Structure formats: C-alpha cells, structure tokens
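**Q** Quick one: the structure is below, questions incoming.
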Amino acid sequence: MLSATDNRAAVSNWRYQTPAVMSPQQFAAWTEMLEQRTGVVLPEARRSFLLTSLAVRMRELGVEDYDTYFAYIQSGVKGQIEWETLVDRLTVHETRFFRDQQALDLICNHFLQPMVKRAEPIKLHCWSVGCATGEEPYSLAMAVDECLGQSAIPYRIGITAIDISQHALSLARRGEYRPERLRGVTSETLERYFEPTESGRYRVKAAIRERIGFTRMNILDIPKAPIGMMDIVLCQNVLIYFRRDKRAAILDTFVQHLNPGGLLILGAGEVLGWSHPQMQALDANGLLVYRRKSEGAAA
C-alpha cells in the first residue's frame, strides 16, 4: 500500500488508465461478494462499470491487481472500512427532487385528504428506502407539508430515510444542493422550502430537515432492524438491483412494518407476480402501489 504522502501525490497526478483485464473467475468472485453483502446483482453487461470502479479505487490506494485488493477487503477491520468506501462507488445514487410527482400526488389526494376530512390531528410515519443523497425524502416531506398545510388540521410527520452509503447519507443530512440539482423545483417551492447559502447552493430549511432521520442500513438487514410501524413505505428504483426471490422477501418484510391502510409505493416495473394476503394492489394509473388491508379484512 502507498503511504499517505505517496497516495496524495498519486491522486494529484491521476490520469485515466484502461482497467486491467479481469478473468471470469475474478469477476464471479467480486460479483458474488457484492451480492452476498448487499443483495445487489451485477450482471455481465455491467462488467466495465465494475472494472472501472475497482481500477480507480485501486489506483488511489496503490494496489496493483484485483486479487490483492479482494484479499485486502476480506481482511479484518481495515478491510471492512475499505469495503464501506468501495460500496459507495458500486451502488447507484442517481436521484432528483420530485422525481415521481405522480406518486406524491397520489399520497396527497388518496391518502392524506381522507385524513383531513376526519378533522382530527394527523400523525404520519414514512419510510424512504434507498434515499441516496436525500432528494426523495425531502420531496416527500415538502409534498406532505404542501398538502396538509392548506388545512387547519394539526399534523406531525416523521420520515425514516435509509441507504447503504455513508457518504450519500452525509450529503443528505447536510441538505445542501447545487442549483443544477434543483431542476424540476418550482420557484414557489424553492422560496418556501430552501434558503440560499454563501457558497451559491441551496439548503433545505430546518423545518423540513428536522422531520427526517437519515440512517445507514443495508436493505438485507431490515428484518433484524429496530424499525417501527409505517403509514407509507416508498421504495422506488431499488429492487431492480436484486434477484426476484430477494425482492419478494424484502417486500414481505415491508408488509410487517406497514400499518393497516398504509401504502407501499414501488417503482414501475420493479416487481412482477408478487402478492401478499394482507396487501391489495391499487389501480393507480401506471404506478405500482399496494395498500395494507384493514385488520380483519378478508384475504
């Protein structure tokens, strides 16, 4: 391994180099470890993505070959720390504000408005799975505030946002975004929920930020995690990276954390053929949405 001084020098002189050839056996070992530890399946079609990601990180560390780096990741505490860095490179964090406005409209019109009509204080617990750098849970909090703020009904909302990437979560907690990351945000929303910073970025206002708890969690560890009951589970564009049997197991776990009448909202096309005796698929104009049946409802 390089010393800290040599490592900084290597990074400062960094230039792109074609990744070394990876044998089928090496590719199988790397993808098996990734799936075993995260559940994410990396097909042969994404071999170049894996090679490039590994090559960049190995060059930063001064490691010459895949096998040496593989062995290092498997070695004790240092290997675990390095794995946390690498997994951030190998998992997808592409997202944007109000990415699925149709889903947010459904939450407001078909879930929240009936609550408003009851004219009782509202307590809402939501779960954003695979929250990346925070745009999804912040969008959800803003949409709920916009919807319920138009009524005189007092309400409280808490959002648990999870992701496997510590780096992505640190950015999410900060809640600061460059102007180009705010495409799709209306001027009214920008003024109401963001404040400009001295660096030229925009920061989500504290009234929204403090409603969200960002937590590092591997989706495979959800069954043993101390998670309470939720009214809304939002898991979009996450399950596509898992095998079908893993998807079904994850969805079954979500059901266990969903209150009767609660919504499970998935990305379109992520799940085919899944059903659960306690869940009812909703006709939601192309959205993949399930509602948990009320206690005592017929299966």
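Where a number appears in this text, it was derived from the coordinates with a stated rule and is not lab data. Predicted model only: the values in this text are computed from it and were never measured. No Cβ is skipped: glycine too gets one built from the backbone with ideal geometry, and neighbour counts run over all protein chains shown.
**Q** Taking the mean number of other Cβ atoms within 10 Å as a proxy for protection, how do you rank 177-187, 223-233, 141-151 from highest to lowest?
**A** Answer by packing, highest mean first, reads 141-151, 223-233, 177-187.
**Q** Also, quick follow-up: What is the packing order of peptides 127-139, 152-164, taking the mean over residues of other C-beta atoms within 10 Å and listing the highest first?
**A** Descending mean neighbour count gives 127-139, 152-164.
**Q** Quote the charge dipole size of the chain about the Cα centre in Debye, to the nearest 20; the model charges only the Cβ of Lys and Arg (+1) and of Asp and Glu (-1).
**A** 300 debye
**Q** Any idea how far the Cα center of region 225-299 sits from the one of region 135-199, in Å?
**A** Here the answer is 24 Å between Cα centres.
**Q** Considering the chain, which cysteines have no disulfide-compatible partner, defined as another cysteine with its Cβ under 4.7 Å away?
**A** Within the chain, the cysteines lacking a partner Cβ under 4.7 Å are CYS126, CYS131, CYS235.
**Q** Work out the FRET efficiency for GLN280 and ARG47 from their Cβ-Cβ distance, taking R0 = 41 Å, and round it to the nearest 0.05.
**A** My answer for the efficiency is 0.50.
**Q** Taking θ = phi - 60°, what integer Hz values does the Karplus form 6.51 cos²θ - 1.76 cosθ + 1.60 yield along region 139-152, in sequence order, with x for Gly and Pro?
**A** In residue order, the calculated couplings are 4, 5, 4, 5, 5, 5, 5, 4, 6, 7, x, 7, 10, 9 Hz.
**Q** Which residue, chosen from TYR202, LEU171, VAL116, occupies the Cα position most advanced towards the positive end of the dipole of the chain, where the dipole is computed from +1 (Lys, Arg) and -1 (Asp, Glu) charges on Cβ about the Cα centre?
**A** Farthest towards the positive pole: VAL116.
**Q** Under a Cβ-only charge scheme (Lys and Arg +1, Asp and Glu -1), can you give me the dipole magnitude of region 80-129 about the Cα centre, in debye to the nearest 20?
**A** Dipole magnitude for region 80-129 comes out near 380 debye.
**Q** On a full-extension model of 0.36 nm per residue, what is the gain between ARG203 and VAL255, subtracting their alpha-carbon distance, rounded to one decimal in nm?
**A** Result: 15.3 nm gained on full extension.
**Q** For the chain, what relative contact order do you get, as a whole percent, if you take Cα pairs closer than 8 Å and at least 6 residues apart?
**A** Value for the chain: 15 percent.
**Q** Considering the options CYS131, THR68, THR91, tell which one lies farthest towards the positive end of the dipole of region 47-135, charges being +1 on Lys and Arg and -1 on Asp and Glu at the Cβ, about the Cα centre.
**A** Checking the options against the dipole of region 47-135, the answer is CYS131.
**Q** Past 26 Å, Cα to Cα, is the threshold; run LYS78/LYS205; LYS246/LYS293; LYS123/LYS293 against it and keep the listed order.
**A** From LYS78/LYS205; LYS246/LYS293; LYS123/LYS293, over 26 Å: LYS78/LYS205.
**Q** Assign unit charges at the C-beta atoms only (+1 for Lys and Arg, -1 for Asp and Glu), then state the dipole size of region 13-109 relative to its Cα centre in Debye, rounded to the nearest 20.
**A** 220 debye
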